[in-house]
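Presented below is the structure to which this report refers.
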Amino acid sequence: MTSAFSPAPPPGDQPRRLRTARGEFAVLDRPPTGEVPLRGTVLLLPGYTGSKEDFTPVLAPLAARGYRAVAVDGRGQHASDGPADDEAAYAQDELAKDVLAQAREFDAPLHLVGHSLGGQIARAAVLLDHSPFRSLTLVCSGPARISHSQEQRVRLLRDALAVMSMEECWEAILAMGPPEEVGGPARGIGGPEQLRRRWLSTKRAQLLAAGRQLCAEPDRVTELAAVPLPMHVLSGSSDDTWPVPDLDHMARRLRAHRTVVDGAGHTPMVDRPAPTARALAGFFDTTECQPSLK
């Protein structure tokens, strides 16, 4: 079932509703086809002002490597419903519990992948309960709050949302010029009208609460390092949201596998999908021969 706001997915991507104990979520589900054996399932969480469609370029390559790829819109994000005005419903702990509920709808432990804000939600989920997961990959998602320059952009967006309609905010976003990184809801998969529809379908309270989280997230790397899962830190070679050296340092603290995708920025799955998908699948492959504990 496809939301009226969802662009048509590529052939093979199956838009549907994932029913869980905590409600329904819109997903794109790409299983392996033909004679490709199933090696595992990947749950992919998008970032701030993003949506499941941001993972579209890597779904087919992951499926070709034997991984069922399921990209999900979180609560109140694009095609998944949520309260319009209740920011408490989007507290990080609530969103983490949503991820755990989503994971429990699959039979085997999942490879969990979170981009940007989605990485911080993924981190919160495994800190609550790591048992549904086989591995954790953080894509352009840093150890704590976002950089000062991006914090200023997010605060501007939050201030606008407090006094303007979603439609008025969209027009203001376009008038400000080419948006970038976290503060750029007009970036992503699809044309201008598709991105506008994505913006208008996302709940205001979700955007406000998520913006606050990005500007206040504490450093939880030490806690995460104690979780007995294989971990992977992946980023582009440039990123102003969390500087690449900070991501390097976080990977060392986590004793995590590290991938830098040359020529990519804050959204490597969009900027350089082929090497990003290879890096993800290659990491998942290595977990098959790793013990559960570090």
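Since every read-out is calculated from the coordinates, none of them should be taken as a lab result. It should be emphasised that the depicted structure is a prediction, and the values quoted were computed from it without experimental measurement. Here the Cβ positions follow ideal geometry from the backbone for every residue, glycine too, while neighbour counts run over all protein chains shown.
Numbers at a glance
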read-out	value
Kyte-Doolittle at least 0.0, axis length at least 20 Å by Cα - qualifying DSSP helices, the chain	273-287
Among E35, E53, E87: highest mean-square fluctuation, GNM of the chain, C-alpha pairs under 10 Å	E35
Highest-fluctuation residue, D85, D29, D93 considered, GNM on the chain with Cα pairs under 10 Å	D85
Fewest-first ranking of V261, V36, using other Cβ atoms within 10 Å as the exposure measure	V36, V261
Choice from G236, G114, G190 with maximal GNM fluctuation in the chain (Cα, 10 Å cutoff)	G190
Sequence-separation-based contact order of the chain, relative, with Cα cut under 8 Å and 6+ spacing, percent	20 percent
Volume per residue of the C-alpha convex hull in the stretch 14-287, rounded to whole Å³	114 Å³
Size of electric dipole in the stretch 14-287: Cβ of Lys, Arg +1 and of Asp, Glu -1, about Cα centre, debye, nearest 20	660 debye
Gyration tensor (alpha-carbon) shape descriptor, the stretch 124-171, a/c threshold 1.5	prolate
